[in-house]
Amino acid sequence: MPKVMNNSILSGARNIRIEEVAEANNYLAVKSEADEYYLNGHWYIQWTGNYNMAGTTVHYERMGNKEGISAPGPIKEPLHIMVRAICITYNST
């Protein structure tokens, strides 16, 4: 079952930088206040590149299993940053 952690960045934020500190089997996703994905939505992983969202250009970088997101801002709407991970449960006797 997928697990999601969600944090919000408020409208007007500048100099945004989000990065993983170590490689992980998850990915970062960015969603709008209107519940629409700007980046890595619906389990589709996008390529490294620049993406326009919330009135600014956001740079997404993925190298192996390590990701980062940066943007100069200011953003014109709140952005929801999500860390999506697949969790596996084990049963044993």
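A short reminder: the numbers here are calculations on the coordinates, not readings from a lab. What you see is a predicted model, and the numbers here were worked out from it, not measured in a lab. All Cβ positions, glycine included, derive from the backbone under ideal geometry; neighbour counts span all protein chains shown.
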Answer yes or no: is there a residue in the stretch 9-20 that is without any contact (Cβ under 8 Å) to a residue 12 or more places away in the chain and surrounded by 12 or more Cβ atoms within 10 Å (Cβ to Cβ). no
Can you tell me how many residues in the stretch 14-58 are part of a loop (DSSP other than H, G, I, E, B) and not hydroxyl-bearing (S, T, Y)? 21
